[in-house]
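Data block below; observations after.
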Amino acid sequence: MKLEKQCVVCGNPFFAANNKGTYCSGACRSVAWRKRNLKYAWQEEDLTRLEELQEDYISLQSSHKYAMQKCKEYEIKIGQLQAERKVLNELNMRLMQ
Ligand SMILES: [Zn+2]
């Protein structure tokens, strides 16, 4: 028996093979999987957070030598956030197609 359902990712109606089906396609399933596995949800806050981190990083860099360790930590965090934003941007682009 097939059930007409709505894809939780793209919102398109589709026929699910069973009651558990929530995605219209493998592509939507992988989008959902990747979104679930991202450390941060894609929100405006992430942009602000990234900007704040970069500002802190720059101000630390131009201040004292003891701040070097903190700079290293920020560098890693900024890198992670940028990588996640890139993935999320790709996912959003794909959803808009
Ligand atoms: Zn879908």
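The values are calculated or read from the model by the stated rules, or taken from the named source; none is laboratory data. Here the structure is a predicted model, which means the values were calculated and not measured. Don't worry about glycine lacking a Cβ; one is built from the backbone with ideal geometry, like all the others, and counts go over all protein chains shown.
Please verify whether E73 is away from the ligand (no atom under 15 Å from the Cβ), at pLDDT 75 or above and not aliphatic (A, V, I, L, M), treating the condition exactly as stated.
Yes, satisfied.
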Worksheet, complete the sentence: Checked A67, A27 against criteria (in a helix (DSSP H, G or I), among the hydrophobic types (A, V, I, L, M, F, W, C) and modelled with pLDDT of 80 or more); the one match is A27
